[in-house]
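S.K.: Below is the structure I would like to discuss, written out as structure tokens.
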């Protein structure tokens, strides 16, 4: 499957010194949308789910507060939500971007990644549920068999 450079970047956390520099810049100028965006993207790239969530929250703020930055935020929001396993939200942001730019290759590829992940996890969920049902049925049959012997 073809990979996107930005999507791959989402998997690579920033060096702690770079992250500290972004954080310090953000603390000095929280109203600057670009500074906030850079910090948010750094947080999304983190290995910490808490940092990732904080990054997505900042991207949501930028999206709401800066109409001229919405298009830019859509893809990064989709990536952040995808990384947090919020597939419905990721798909919604991707589809919104595709309404604006139907041939956006990054969005099209991300949409296919989201669909594959949902399908894979759906099948895994069904397998787990099926296994649980089999275990419960087995226990029930043992209990039922035990009660018949008395």
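The values are calculated or read from the model by the stated rules, or taken from the named source; none is laboratory data. Model, not experiment: these values are computed from the prediction. For neighbour counting, all protein chains shown are included, and Cβ atoms are generated from backbone atoms with ideal geometry for every residue, glycine included.
S.K.: For region 72-83, does any single residue satisfy the condition of being at pLDDT below 90 and under 19 Å from residue 10 (Cα atoms)? Break it down into steps so the answer makes sense when it comes.
M.R.: Of region 72-83, the ones at pLDDT below 90 are 72.
If we keep only those that are under 19 Å from residue 10 (Cα atoms) as well, we get 72.
Scanning region 72-83 turns up at least one residue that is at pLDDT below 90 and under 19 Å from residue 10 (Cα atoms).
S.K.: Related question: Find all pairs meeting these conditions: Cβ atoms under 6 angstrom apart; at least six residues apart or on different chains; first residue within region 51-80 and in contact (Cβ under 8 Å) with a residue 12 or more places away in the chain; second residue outside any helix (DSSP H, G or I) and crowded, with 16+ Cβ neighbours inside 10 Å.
M.R.: Note: pairs meeting the criteria are 52/46; 52/84; 79/10.
S.K.: Identify, by number, the condition in (1) buried (at least 16 other Cβ atoms within 10 Å of the Cβ); (2) part of a helix (DSSP H, G or I); (3) under 15 Å from the mean Cα position of the chain (by Cα) that residue 8 doesn't meet.
M.R.: (1)
S.K.: Count, please, the residues in region 71-91 that happen to be surrounded by 16 or more Cβ atoms within 10 Å (Cβ to Cβ) and more than 10 Å from the chain's Cα centre (by Cα).
M.R.: Count: 4.
S.K.: May I ask you to list the residues in region 114-150 that are at pLDDT below 90 and in contact with a helix residue (DSSP H, G or I) (Cβ under 7 Å, 6 or more places away or on another chain)?
M.R.: Passing the criteria: 117, 118.
S.K.: Could you please find all residues in region 25-70 being under 21 Å from the mean Cα position of the chain (by Cα) and outside any helix (DSSP H, G or I)?
M.R.: Taking region 25-70 as the starting set, the residues that turn out to be under 21 Å from the mean Cα position of the chain (by Cα) are 36-64, 69-70.
Selection gives 45, 46, 47, 48.
S.K.: Here's a follow-up. Report yes if residue 103 is loosely packed, with under 14 Cβ neighbours inside 10 Å and either under 10 Å from the mean Cα position of the chain (by Cα) or not in a helix (DSSP H, G or I) (or both), otherwise no.
M.R.: Yes: the conditions hold for residue 103.
S.K.: Continuing with this model, one more query. Would you point out the residue of region 38-51, among those that are surrounded by fewer than 20 Cβ atoms within 10 Å (Cβ to Cβ) and in contact with a helix residue (DSSP H, G or I) (Cβ under 7 Å, 6 or more places away or on another chain), that is farthest from residue 81 (Cα to Cα)?
M.R.: From region 38-51, those surrounded by fewer than 20 Cβ atoms within 10 Å (Cβ to Cβ) are 38, 46-51; that's our starting set.
With the extra rule that they be in contact with a helix residue (DSSP H, G or I) (Cβ under 7 Å, 6 or more places away or on another chain), the set shrinks to 38, 46, 51.
Details: 38: 17, 46: 13, 51: 12 Å.
Checked region 38-51; the qualifying residue farthest from residue 81 (Cα to Cα) is 38.
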